[in-house]
Amino acid sequence: MLLITRDSELQRAACSALEDALKRTHIEKQKAIARFDEDYANLLLGCESVAHALLAELNMWLLLKEEKPDEAWNHLVDAQMASIYAARAHDGFRHLEHHHQRLEAIEHLVFPRQVFVSSGMLVGFQECSICRRDYDGCEHLVGRPYMGQFCYIIARDIDLDHVAIVEHPADKRCRVERFNAEGGTRNRMTWKIEPDATDA
Ligand SMILES: [Zn+2]
């Protein structure tokens, strides 16, 4: 189903099947966490990440067929991130690195080259998502799985410092979507000039 030529109804049915699988996996993961079975909980975290990656890619193809490339792009980025996370969740998903390479190829062959933006932040306090303490003082590592959950930083007291154009952004969803053109703004995906909302 991971092809643009596939029937949209069949792709939507595949999405529903994946959503059901995600619910069942989540219940199974809660049971594994309850009995402190970290290896199995992390394996199921990997299963969830794979399902998220497949769902996001299916949604990307569906949105491209609906001529919604900006939304499709966000799903492509979700699929790429989920496949990286699956490989990190458990050794059983190491092979997902190949799947990620395929998604990188789709990025370059299907979508136009993007101009990425990165924002510099001043963060007052970095909280660890696992132990909720100061990330600098705890033993957890961002992106690593702990009992079926990935560690990430919760930034508190944020101030925007600067915005910059970058080649390799942390989040590829941060990009230049439109730029000023005669008669409105040009969409970088479709190349169409869209009238300014204020002119309407
Ligand atoms: Zn921690």
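The values are calculated or read from the model by the stated rules, or taken from the named source; none is laboratory data. Note that the structure is predicted; figures quoted are calculated from it, not measured. Positions of Cβ are generated from backbone atoms using ideal geometry, with glycine treated the same way; all protein chains shown enter the neighbour counts. Surface areas here come from the heavy atoms of the whole protein model, side chains and all, with no ligands, DNA or RNA. Shrake-Rupley method; radii C 1.70, N 1.55, O 1.52, S 1.80 Å.
If you go through the stretch 89-104 and keep only what is surrounded by 11 or more Cβ atoms within 10 Å (Cβ to Cβ), assigned to a loop (DSSP other than H, G, I, E, B) and not charged (D, E, K, R), you end up with just HIS90.
Checking the structure you have, find out if any residue of the stretch 17-39 is outside any loop (DSSP other than H, G, I, E, B), within 19 Å of ILE106 (Cα to Cα) and in contact with a helix residue (DSSP H, G or I) (Cβ under 8 Å, 6 or more places away or on another chain). No, that holds for no residue. Residues in the stretch 164-200 that are closer than 26 Å to ILE84 by Cα and among the hydrophobic types (A, V, I, L, M, F, W, C) were compared, and the one that is most open to solvent (accessible area, probe 1.4 Å) is ILE165. For the stretch 110-140, residues that are in a loop (DSSP other than H, G, I, E, B), near the ligand (Cβ under 9 Å from one of its atoms) and either within 17 Å of ALA170 (Cβ to Cβ) or open to solvent by less than 70 Å² (accessible area, probe 1.4 Å) (or both) total 5.
Being open to solvent by 20 Å² or more (accessible area, probe 1.4 Å) and in a helix (DSSP H, G or I) narrows it down to one residue among GLU71, GLU107; which is it? Just one listed residue meets the conditions, GLU71.
Mind listing just one residue for me: the one in the stretch 143-170 that is within 10 Å of the ligand (Cβ to nearest atom) and within 26 Å of GLU28 (Cβ to Cβ) and, of those, nearest to the chain's Cα centre (by Cα)? Per the criteria, the residue is CYS151.
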